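The values are calculated or read from the model by the stated rules, or taken from the named source; none is laboratory data. Predicted model, so just to flag it, every value in this text is computed and none were measured. Here the Cβ positions follow ideal geometry from the backbone for every residue, glycine too, while neighbour counts run over all protein chains shown. When the accessible area is computed, the model is the full protein with side chains, heavy atoms only, and any ligands, DNA or RNA have been set aside. Shrake-Rupley method; radii C 1.70, N 1.55, O 1.52, S 1.80 Å.
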Amino acid sequence: PVRRPKTPRPPGKIRLGFMSSDLRRHPVAYFALPLFEHLDSERFEVYCYSFSELPSDDIQEFITTKATAFRWRKDLSAVQAAQMIADDQLDILIELGGSTHMNKLSVMAYRAAPLQASWLGYPHSAGLETIDHLITDPYNTPERADLLIETPLVMPKTWIALGRQVFRDDFVINPGIPQDKAGVVTFGTANNPYKLTREALQVWGQVMLRVPNSKMLFVRPEGASPMFRSNISKVFEDMGIAPERIGFVPVRGAHMQHYNSIDISLDTFPLTGGTTTCEALWMGVPVVSLVGSAFYERLSYSILNNVELGDLCAHDVETFIDIAVRLAGDKERRAALRPVIRQRMTDGPLGQSEAFARDFYDLIAKAVEAARAKAAAVTA
């Protein structure tokens, strides 16, 4: 067990900790940035804990300037990290990475803070009973309580907002729709290959079979791998889709411009897109998504509803196919959407980062107050 301070911290601001090795140029930071851009310094002191083995970058440096403390320790064990956090006498600790690369989920087992939560980087229950809450929103909160270990802390509109240092207007959306230039409808994805289940690929294939001569574009660095291209192409070829209808753009980092070659993004399932869904929409590309019952099956559902595109969400495979095929045939709608989706994102809950930060800090303050009241009742 970690050592607890012998004397309690004097009353004051709420001490909020974020534990993540991804508070840098990483998708986690892209969505966490609004909380530092609009830090509620009147009510909160914010402590950050990173175990990143990578050099600091501009995003990490920006966050460092905003936080009360940014404790960057590359070589601590889990118990050492937990003790460091306990010494800061937080009111609540939020981990942002689950069991992903360079993060230390096991720190949460030591309960270094009296209240602990998960958010953002791992879209599912992390598995530890010492994590009290998972931050969600009205769309991605599972209807069945038993699908989460934690108690949801539900944001009023959206569980994420866009960091404008990353989602920038200098990503140019070419005029017109890609179909006008290519002569055929091009579906596409930039999702990580670990999300590419055989079932999802086969459903995408069924969409292509119903949209004559359509193409599917995979915008991924793995596209440089002959084995990746061969394995992906074979799934479609087994369905009767010629290899020349499947394209690969092997690019890392500089992928945003390639959305100008995609008419419709087909979402992965059961794990849907998150960052990739936002990026596609930011580039004016509508996303068709399949909604499931679990939290990780509802990420795009939240994003699409927050940009008034909830009708592109299906609750079964047949409807997913129908929506994609219908959208492929509706050039007028796609042409109308392409230049306005980004503005919808900016004007809506995803883009109103100040309102998002205010809602987030209000939610955390209420959770801390409730935990304090419960502790006081137990003591009494």
Next on the checklist: Need the full-extension length gain, ALA380 to SER56, defined as separation in residues times 0.36 nm minus the C-alpha distance. One decimal, nm.
Outcome noted: 112.0 nm
Checklist outcome for this item: The local net charge around PRO5, scoring Lys/Arg +1 and Asp/Glu -1 for residues other than PRO5 whose Cβ lies under 11 Å from its Cβ, equals +2
Checklist entry - Hey, what number do you get for the chain at 222 nm if only DSSP H runs of n ≥ 4 count, each worth -39500 (n - 2.57), divided across all residues, to the nearest 500? => result -10000 deg cm²/dmol
Next on the checklist: Compute the angle between helix 226-237 and the longest alpha-carbon principal axis of the chain, please, reported from 0 to 90 degrees and rounded to the nearest 10.
Outcome noted: 60
Next on the checklist: In whole Å, what are the extents of the stretch 116-197 along the principal axes defined by its C-alpha atoms, from largest to smallest?
Outcome noted: 53, 32, 21
Item to check | Cross-link reach list, aspartates and glutamates versus LYS374, counting only Cα pairs under 14 Å and skipping chain neighbours closer than eight places | outcome: ASP91, ASP132
Next on the checklist: With a 1.4 Å probe and all protein chains left in place, how much of the accessible area of the chain comes from carbon and sulfur atoms, in whole percent?
Outcome noted: 51
Next on the checklist: For the stretch 156-259, which GluC sites (Glu not before Pro) pass both filters: DSSP loop (anything but H, G, I, E, B) and at most 13 other C-beta atoms within 10 Å?
Outcome noted: none
Item to check | Stretch in the chain that is longest and holds no trypsin sites (Lys or Arg not before Pro) that DSSP places in a loop and that have at most 16 other beta carbons within 10 Å | outcome: 253-380
Checklist entry - Debye sum, Cα scatterers, the stretch 186-264, no solvent: what log₁₀ I/I(0) at q = 0.14, 0.18, 0.22 1/Å? => result -0.40, -0.68, -1.04
Checklist entry - Using +1 on the beta carbon of Lys and Arg, -1 on that of Asp and Glu, and nothing else charged, what's the dipole of the chain about the Cα centre, debye to 20? => result 620
Next on the checklist: Compute the distance from the alpha-carbon center of the stretch 82-100 to that of the stretch 329-348, in whole Å.
Outcome noted: 41
Next on the checklist: Taking the solvent-accessible surface of protein heavy atoms with a 1.4 Å probe, what is the per residue accessible area of the stretch 87-126 in Å²?
Outcome noted: 31
Checklist entry - Among rounded, prolate and oblate, which fits the stretch 251-380 when a ≥ b ≥ c are the square roots of the eigenvalues of its C-alpha gyration tensor, a/c under 1.5 means rounded, and a/b larger than b/c means prolate? => result prolate
Checklist entry - Within straight cross-link reach of LYS215, meaning Cα distance under 21 Å, which lysines are found once same-chain residues fewer than 8 apart are removed? => result LYS181, LYS195, LYS234, LYS331
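Compute the length gained on full extension between GLU199 and GLU354: take 0.36 nm times their separation in residues and subtract their Cα-Cα distance, giving the result in nm to one decimal.
51.8 nm
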Checklist entry - Once the Cα atoms of helix 353-379 and of the chain are each reduced to a long axis, what angle between those two axes, in degrees from 0 to 90 to the nearest 10, is obtained? => result 40
Next on the checklist: Compute the helix-to-body angle for 27-37: its Cα long axis versus the longest principal axis of the chain, expressed 0 to 90° and rounded to tens.
Outcome noted: 50
Checklist entry - Taking the Cβ-Cβ separation of ASP330 and LYS181 as r and a Förster radius of 22 Å, what is the calculated FRET efficiency to the nearest 0.05? => result 0.80
Checklist outcome for this item: Within the stretch 39-113, DSSP-loop GluC sites (Glu not before Pro) with at most 15 other C-beta atoms within 10 Å are GLU42, GLU53
Next on the checklist: Please enumerate, by chain and number, the lysines with C-alpha under 16 Å from the C-alpha of LYS74, excluding those fewer than 8 residues away in the same chain.
Outcome noted: LYS104
Item to check | Gaussian network model of the chain, Cα within-10 Å springs - most flexible of GLY97, GLY163, GLY329 | outcome: GLY329
Next on the checklist: With the crude spin-label approximation of a point 7 Å out along Cα→Cβ, what separation in nm comes out for MET239 versus HIS124?
Outcome noted: 2.4
Item to check | Relative pair counts by distance (%), Cα atoms of the chain, 20 Å bins | outcome: 28, 53, 18, 1
Next on the checklist: Relative contact order for the stretch 126-233: what percent, with Cα pairs under 8 Å and sequence separation of 6 or more?
Outcome noted: 19
Checklist entry - Considering the chain as a Gaussian network with a 10 Å cut-off on Cα pairs, which listed residue, MET239, MET19, MET283, attains the greatest mean-square fluctuation? => result MET239
Next on the checklist: Once you keep just the Cα pairs under 8 angstrom separated by 6 or more residues, what percentage relative contact order results for the chain?
Outcome noted: 16
Checklist entry - Based on the Kirkwood radius over alpha-carbon pairs, what is the Stokes-Einstein translational diffusion coefficient of the stretch 111-150 at 10 °C with 1.306 mPa s viscosity, in µm²/s? => result 147
Item to check | Surface per residue (accessible, 1.4 Å probe) for the stretch 175-266, Å² | outcome: 48
Checklist entry - Leaving out ligands, DNA and RNA but keeping every protein chain, what accessible area does VAL317 have, in Å² rounded to the nearest 10, with a 1.4 Å probe? => result 40
